[in-house]
1. Consider ARG365 carefully, then state whether it is in contact with a Gly (Cβ under 8 Å, 6 or more places away or on another chain) and surrounded by fewer than 18 Cβ atoms within 10 Å (Cβ to Cβ).
2. Scan (1) outside the structural domain of GLY325 (by the TED database); (2) hydrophobic (A, V, I, L, M, F, W, C); (3) not in a loop (DSSP other than H, G, I, E, B) for the single condition LEU444 breaks and write down its number.
3. Taking segment 214-236 as the search range and keeping residues that are small (Gly, Ala, Ser) and open to solvent by 10 Å² or more (accessible area, probe 1.4 Å), which one is nearest to ALA182 (Cα to Cα)?
4. Answer yes or no as to whether TRP417 is open to solvent by 40 Å² or more (accessible area, probe 1.4 Å), within 26 Å of the chain's Cα centre (by Cα) and not hydroxyl-bearing (Ser, Thr, Tyr).
5. Sort out which residues of segment 198-221 are away from the ligand (no atom under 12 Å from the Cβ) and closer than 14 Å to SER173 by Cα, and write them in order of number.
6. Which residues, counting only those in segment 146-181, are near the ligand (Cβ under 7 Å from one of its atoms) and under 17 Å from ALA70 (Cβ atoms)?
7. Looking at this structure, is SER271 within 11 Å of the ligand (Cβ to nearest atom), open to solvent by 20 Å² or more (accessible area, probe 1.4 Å), touching a residue at least 12 places away in the same chain (Cβ under 8 Å) and under 23 Å from THR155 (Cβ atoms)?
8. Would segment 314-335 turn up any residue that is open to solvent by less than 60 Å² (accessible area, probe 1.4 Å), of a type outside the set (A, V, I, L, M) and free of Cβ contacts under 8 Å to residues at least 60 places away in the same chain?
Amino acid sequence: MYELAASYVAGKWAGGAGAETIAVRSPATGELLGTVGAAGPAEVDAAVAAARAALTSSPWCDASPADRAAALGRLADGLAARKSVLADLTTAEIGSPRSWSTFGQVLTAVGVLRAYAAIIPDYPFESTRPSLAGGRVTVRQVPVGVVGAIIPWNTPLFIAALKLGPALAAGCSVVLKPAPDAPLSIGVLTEVIEESGLPDGVINIVNGGAATGQALTSHPDVDKVSFTGSTAVGAQIAASCGSQIRRCSTELGGKSAAIVLPDAPLESTVSGLVGGVMGNNGQLCAALTRILLPRSRYDEFCTALTAAVEQLTVGDPAARTTDIGPLINEAARDRVEGFLRRAHAEGATILTGGERPAGQGWFVRPALVAAGNDMEIAREEVFGPVAVVIAYDDSQGDSAAVNIANDSRYGLVGAVWSADDDRAAAAAAQLRAGSVAVNSTAVLDFGSPFGGFKQSGIGREGGPEGIAGFVEYQAIIR
Ligand code: NAD
């Protein structure tokens, strides 16, 4: 049983008198895994003050880029050393299949932190250029300041790393707020922070839900808000930051397309497609949830996809043979079932899945739905193990698929499958999406920018481009 206080401030857990307590339960069994306090305005205030102090009166103010790179390397080492414990814990608290959590939850976080440690030495924190008036301009990239970082529950360590990596690389300090459904693995992160030797206050944590998040995003001494979560909440936060001219970046939802071109090989494409949509029980922002099939091969692919989805093992996420664990909570299970009911009512065909298995836990069998791109199930983020197949007219060329893929308010990622890499890459370049994989589902490269077009967000994390979101540019002209 884990018992975490409401906040971790300047290197110490602090309770907060009368703080509300949040119970963290296994989504597979309902078992109580731990409790965490909920930080109120006083705890948030203390965390922001500690983060400010780290920037003004701690060794962090003078940390060189090389020092920051070394600190990120130590954070990565600390997470890697706890790989199994953290994978077990994320499997318990989120229901990520254990076969997925080591890489999907923990090593992705390690990879991001190591990538930043490697990027920093070549990053142009200071550069000089001739001024147009004949003199010289030094362009400095200075830390934006105190960062309020808000993360969702579905991949907590990974998203935390996507914020800590560039923020610390830039020299900022951070107040991190995990989601109330998944605070435990972030609790273990504090051990890693302590071991890393980072000065107190560089990374602080406030536990809690929306009210804690609001206290953080509206705190007058937060310089920048970095939010990852749903588009609806991201819109509220961006509006509130906008009214205060507070820097804000958002990584939001997706309804990403996987385009199958007519020459794509059946077997490898189908296995990639199923992995691309069902990873983490379909609870991934980057899930490739709209599968666009050429009409000339529609039946062949639907049959193979249906068989592949039916072969997935649903059950105890801790079992190594499990492919699909539970949804995060009862509301998420009900939401997914609601989407499937409405899809059926709208005229979509449920090719397989969608049933609720007997027994405990918030499980739904993985579903494949044949639908039109105008139906709700093809337009809204379901956030569960549900793939939609949509036919396109391949006699009209690859652009017929590209047009459907781009007909979405989201634009996070995409993928294109073809026997010809160049043909797939040409279609990929036409997609209005932040990253696109060719013949794979690898939509994230640790050293490259990640983020969305359209309502999938504003800004990028990952790669050198991610650091740009955590600096102010200053020109010294002489
Ligand atoms: P959510 O928007 O409900 O919550 C995200 C975080 O915001 C949580 O910590 C929550 O407590 C906090 N929060 C909620 N209301 C708030 C408010 N008014 N002010 C401040 N903070 C508030 O999202 P979720 O259910 O935790 O996560 C799932 C969503 O996250 C999906 O839409 C998914 O696509 C998205 N996501 C996006 C990315 C990406 O990189 N684009 C990555 C992972 C998840």
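The values are calculated or read from the model by the stated rules, or taken from the named source; none is laboratory data. Predicted model only: the values in this text are computed from it and were never measured. Cβ atoms come from the backbone with ideal geometry, glycine included; neighbour counts cover every protein chain shown. Note: accessible area is taken over every heavy atom of the protein model, side chains too, but ligands, DNA and RNA are not part of it. Shrake-Rupley method; radii C 1.70, N 1.55, O 1.52, S 1.80 Å.
1. Numbers: in contact with a Gly (Cβ under 8 Å, 6 or more places away or on another chain): yes; surrounded by fewer than 18 Cβ atoms within 10 Å (Cβ to Cβ): yes.
So ARG365 passes the test.
2. All conditions are met except number (3).
3. Of segment 214-236, the ones small (Gly, Ala, Ser) are 215, 218, 226, 229-230, 232, 234-235.
So of that shortlist, the ones also open to solvent by 10 Å² or more (accessible area, probe 1.4 Å) come out as 215, 218, 229-230, 232, 235.
On the way: ALA215: 19, SER218: 23, GLY229: 13, SER230: 16, ALA232: 20, ALA235: 22 Å.
Across segment 214-236, the extreme among qualifying residues is GLY229.
4. Against the criterion (open to solvent by 40 Å² or more (accessible area, probe 1.4 Å), within 26 Å of the chain's Cα centre (by Cα) and not hydroxyl-bearing (Ser, Thr, Tyr)), TRP417 does not qualify.
5. Just the residues of segment 198-221 that are away from the ligand (no atom under 12 Å from the Cβ), to begin with: 198-204, 220-221.
LEU198, PRO199, ASP200, GLY201, VAL202, ILE203, ASN204, ASP221, listed by residue number.
6. none
7. Details: within 11 Å of the ligand (Cβ to nearest atom): no; open to solvent by 20 Å² or more (accessible area, probe 1.4 Å): yes; touching a residue at least 12 places away in the same chain (Cβ under 8 Å): yes; under 23 Å from THR155 (Cβ atoms): yes.
No.
8. Checking segment 314-335: at least one residue is open to solvent by less than 60 Å² (accessible area, probe 1.4 Å), of a type outside the set (A, V, I, L, M) and free of Cβ contacts under 8 Å to residues at least 60 places away in the same chain.
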